[in-house]
Amino acid sequence: MNKMKKGTLSLIIILGLIAVLGFTLVGSYNNLVKLDEETNAKWAQVENQLKRRADLIPNLVNTVKGFAKQEQDVLVGVTKARSGIVEAKNPQEYARANEQLNTALSKLNVVVEKYPELKSNENFIRLQDELAGTENRLAVSRMDYNESAKIFNGKVRRFPTNIFAGMFGFEKKQYFEINQEDKKLPEVKF
């Protein structure tokens with residue numbers, strides 16, 4: 001082969017390698033964008049369920065207020081904990097606010113046990129059912145978000161995508177984790 005053919009062949013090989021690298025870069029970037037958007041959409045669903053839960057709380061508190069005026073501290077605690085959900089901005093803040101709301105709702109349930117006529121109130125029963133349904137949807141949404149975050153985080157950390165992720169500013173997603181206290185099984189006394 002003459003020098004010109006070797007030079008042309010070398011140029012074609014170099015251009016081919018650049019094209020392959022370019023396609024790999026574009027493919028990795030597009031995949032990261034897709035996973036990032038999926039994870040953001042799953043997080044939006046968690047926020048949606050937390051908001052729905054927070055929206056139900058005032059109705060529940062108002063229903064209980066009519067029966068248990070002397071339990072004002074518990075009702076104020078539930079309302080304050082609810083505001084933490086509304087003001088939260090990231091998974092850690094939501095998790096902390098969720099913990100506080102769970103604690104406050106536990107205290108509210110103790111109040112409800114003191115007032116049998118409240119437990120039979122139709123509005124209260126309906127609100128409790130809606131809240132239970134929301135809790136189930138919230139659990140599923142958190143699970144979906146954490147699964148999506150796991151996939152995204154794995155992609156961001158694996159070679160060679162981790163190089164592209166760093167170049168384009170993709171960062172690991174925070175998991176929505178519960179407190180160690182919430183992992184303990186409640187003690188049931190008979």
Check your understanding: Considering only residues of region 162-172 that are over 10 Å from residue 36 (Cβ atoms) and assigned to a loop (DSSP other than H, G, I, E, B), which is least open to solvent (accessible area, probe 1.4 Å)?
Key -> 169
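Quick check on this structure: which one of 19, 88 is open to solvent by 30 Å² or more (accessible area, probe 1.4 Å), farther than 26 Å from residue 113 by Cα and not acidic (Asp, Glu)? Steps first, please.
Details: 88 fails: open to solvent by 30 Å² or more (accessible area, probe 1.4 Å).
Answer to the selection: 19.
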Revision key, fill the gap. In region 169-190, anything in contact with a helix residue (DSSP H, G or I) (Cβ under 8 Å, 6 or more places away or on another chain) and at pLDDT 90 or above is listed as 170, 171, 172, 173, 174, 175
Study note, to complete from the structure: Scanning region 91-109 residue by residue, the ones that are open to solvent by 40 Å² or more (accessible area, probe 1.4 Å) and touching a residue at least 12 places away in the same chain (Cβ under 8 Å) total 7
Exercise for review: Go through (1) modelled with pLDDT of 90 or more; (2) surrounded by fewer than 20 Cβ atoms within 10 Å (Cβ to Cβ) one by one and return the number of the condition residue 26 breaks.
Suggested key: (1)
Exercise for review: Taking residue 29 as the residue in question, decide whether it is in a helix (DSSP H, G or I), over 30 Å from residue 120 (Cα atoms) and touching an Asp or Glu at 6+ places or on another chain (Cβ under 8 Å).
Suggested key: no
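In this structure, is residue 159 within 18 Å of residue 35 (Cβ to Cβ), assigned to a loop (DSSP other than H, G, I, E, B), free of Cβ contacts under 8 Å to residues at least 60 places away in the same chain and out of contact with any His (no Cβ under 6 Å at 6 or more places or on another chain)?
Working: within 18 Å of residue 35 (Cβ to Cβ): yes; assigned to a loop (DSSP other than H, G, I, E, B): yes; free of Cβ contacts under 8 Å to residues at least 60 places away in the same chain: yes; out of contact with any His (no Cβ under 6 Å at 6 or more places or on another chain): yes.
When the stated conditions are applied, residue 159 passes them.
Condition first: assigned to a helix (DSSP H, G or I) and either surrounded by 12 or more Cβ atoms within 10 Å (Cβ to Cβ) or under 30 Å from the mean Cα position of the chain (by Cα) (or both). Now tell me which residues in region 110-127 satisfy that. Break it down into steps so the answer makes sense when it comes.
Taking region 110-127 and keeping what is assigned to a helix (DSSP H, G or I), we get 110-114, 116-119, 122-127.
Selection gives 110, 111, 112, 114, 118, 119, 123, 124, 125, 126, 127.
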Revision key, fill the gap. Per the filter on region 47-85, residues over 16 Å from residue 137 (Cβ atoms), open to solvent by 10 Å² or more (accessible area, probe 1.4 Å) and either among the acidic types (Asp, Glu) or not in a helix (DSSP H, G or I) (or both) are 71, 73
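Could you list all residues from region 1-16 that are basic (Lys, Arg) and surrounded by fewer than 10 Cβ atoms within 10 Å (Cβ to Cβ)? Talk me through it step by step, then tell me what you get.
Residues of region 1-16 basic (Lys, Arg): 3, 5-6.
Listed by number, the residues that qualify are 3, 5.
The values are calculated or read from the model by the stated rules, or taken from the named source; none is laboratory data. Note that this is a predicted model, so its numbers are computed, not measured. Here the Cβ is made from the backbone with ideal geometry for all residues, glycine too, and neighbour counts use every protein chain on show. Quick note on the areas: whole protein, heavy atoms, side chains included, nothing else; ligands and nucleic acids left out. Shrake-Rupley method; radii C 1.70, N 1.55, O 1.52, S 1.80 Å.
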